[in-house]
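*Asks:* Below you'll find the structure I mean.
The values are calculated or read from the model by the stated rules, or taken from the named source; none is laboratory data. Just so it is clear, the model here is predicted, and its values are computed rather than measured. Positions of Cβ are generated from backbone atoms using ideal geometry, with glycine treated the same way; all protein chains shown enter the neighbour counts.
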Amino acid sequence: MSGPEPYRYIRYTWWKTYDIAELASKLKERFTVIELRSYGRNEDVPSITRRDTPQIRVKADTLSAWLAPSRVILFQKESAPFTKRDMELREIVLSLYSHVIPGPLPFFYRKEPKFEQEPPQSHL
């Protein structure tokens, strides 16, 4: 019997793109930011256009995100409950990349995968 699948969720922007260097400078205050090869071939991440090629990886605790100007991939390497920092990263990214499909034409719809959160820490 295997456990739940690791979390993986893709989101998009439609009419704008983000300056990844600017996002990196803001996110590195709270998270680990790793610069990827700019427009290089990353075997782990499929990419159709240069705007979709991940340029930075942002890591919280168990949740990471590959950010590109018009697309983000949120993922976990191994399934685990989201920590408070993971939820913070998730909320920031979902507010920036607000669409579940790459364009306004409804070719498909993608629902966010289920995930668990760590229980709140009690201060005894």
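*Asks:* If I go through region 81-96 residue by residue, how many of them are outside any strand (DSSP E or B) and either within 15 Å of P120 (Cα to Cα) or of a type in the set (S, T, N, Q) (or both)? First the steps, then the outcome.
*Replies:* Taking region 81-96 and keeping what is outside any strand (DSSP E or B), we get 81, 83-96.
Those still in the list that are either within 15 Å of P120 (Cα to Cα) or of a type in the set (S, T, N, Q) (or both) too: 81, 83-88, 95.
Adding up the residues that qualify gives 8.
*Asks:* Something else now. Out of Y109, Y39, report the one residue that is modelled with pLDDT under 80, under 19 Å from Y7 (Cα atoms) and aromatic (F, W, Y).
*Replies:* Values: Y39 fails: under 19 Å from Y7 (Cα atoms).
Within the list Y109, Y39, the selection yields Y109.
*Asks:* When you go through Q121, Q117 one by one, which is the residue that is under 24 Å from E29 (Cβ atoms), at pLDDT below 85, of a type outside the set (D, E) and surrounded by fewer than 19 Cβ atoms within 10 Å (Cβ to Cβ)?
*Replies:* Every option except Q121 fails the conditions.
*Asks:* Write out, first by first residue and then by second, each pair whose Cβ atoms fall under 7 Å of each other, whose residues are 6+ apart or on separate chains, and whose first residue, in region 16-35, is modelled with pLDDT under 95 while the second is part of a loop (DSSP other than H, G, I, E, B) and hydroxyl-bearing (S, T, Y).
*Replies:* The qualifying pairs are T17/S70.
*Asks:* So, of the residues in region 42-81 that are β-branched (V, I, T) and either at pLDDT 90 or above or touching a Lys or Arg at 6+ places or on another chain (Cβ under 6 Å) (or both), which turns out to be farthest from A21 (Cα to Cα)?
*Replies:* Keep residues of region 42-81 that are β-branched (V, I, T), which gives 45, 48-49, 53, 56, 58, 62, 72-73.
Okay, now just the ones that are also either at pLDDT 90 or above or touching a Lys or Arg at 6+ places or on another chain (Cβ under 6 Å) (or both), so 56, 58, 62, 72-73.
Numbers: I56: 9, V58: 12, T62: 23, V72: 15, I73: 17 Å.
It comes out as T62.
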